[in-house]
C-alpha cells in the first residue's frame, strides 16, 4: 500500500465515506411491527465494524411568528418580526441490528429488522404551524466517522 493509499484510507475513516448506507421502510403501524431494510455498499477497502445500528425518533416541530419592538439609534421604534422554530423529541430508540463484523470491499450487505412504535404514541400530522413525524437513520458503528443513511422520514 502506497502513501497515497494510506492517506485515502485515513480520509475515508474520518469522513465516513468507506461505505454508503441506505434505509427503506414499510409504512408505520403503531403498536404493530413493520419492516425496516438496511443496505450497505462497501467501497474499495475492507472495513471492521462494531455493529449495525438503527436510530428511531419521533419529533414535533412548531413554527411561530414573534414580534418585538426595537429601538433604532435615533430613538424611534420599529417592529421586528421573526420566525421561531421549536422542536421536541417525543420518541427515541436505538436498535442494534447486527454485532461486530468484517465487511468485504466492493460488496453489498442487506439487513432486515422488525421495528415497533408503541400504540398510543403521537400520530404523524402536518398542520399549518406544527408537525409531528417519525424518522430512522441506519449506520455502521466503526472507528472514525460512522457511515450512515441520514435521517429518513417514515410514512
- Going by C-beta contacts inside 10 Å, put 115, 70, 36 in order with the fewest on the left. 70, 115, 36
- Message: Students often get this wrong: which residues of the range 115-142 have the backbone nitrogen under 15 Å from the point 7 angstrom along Cα-to-C-beta of residue 65?
- Response: 128-130
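Given Cα pairs under 8 Å that are at least 6 residues apart, what percent is the relative contact order of the chain?
On the way: 346 pairs, mean separation 54.4, N = 155.
Reported relative contact order: 35 percent.
Given the convex hull of the Cα atoms of the chain, what is a quarter of its surface area in nm²?
Numbers: hull surface 56.7 nm².
Computed as one quarter of the Cα hull surface, the answer is 14.2 nm².
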- Item | Nearest-ten-degree value, helix 3-15 long axis tilted from longest Cα axis of the chain | 40
- Item | Separation of the residue 20 and residue 72 label points, Cα + 7 Å toward Cβ, nm | 5.4
- Once every DSSP H run of n ≥ 4 in the chain is given -39500 (n - 2.57) and the sum is divided by its residues, what mean residue ellipticity at 222 nm do you get, rounded to the nearest 500 deg cm²/dmol? -2500 deg cm²/dmol
- Can you give me the P(r) profile for the range 76-155? Cα pairs, bins 5 angstrom wide beginning at 0, each as a whole percent. 3, 8, 16, 19, 13, 11, 9, 7, 5, 3, 2, 1, 1, 0
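Only the coordinates and a few stated rules stand behind these numbers; no lab work does. Bear in mind that the values here come from a model prediction, so they are computed numbers and not experimental data. No Cβ is skipped: glycine too gets one built from the backbone with ideal geometry, and neighbour counts run over all protein chains shown.
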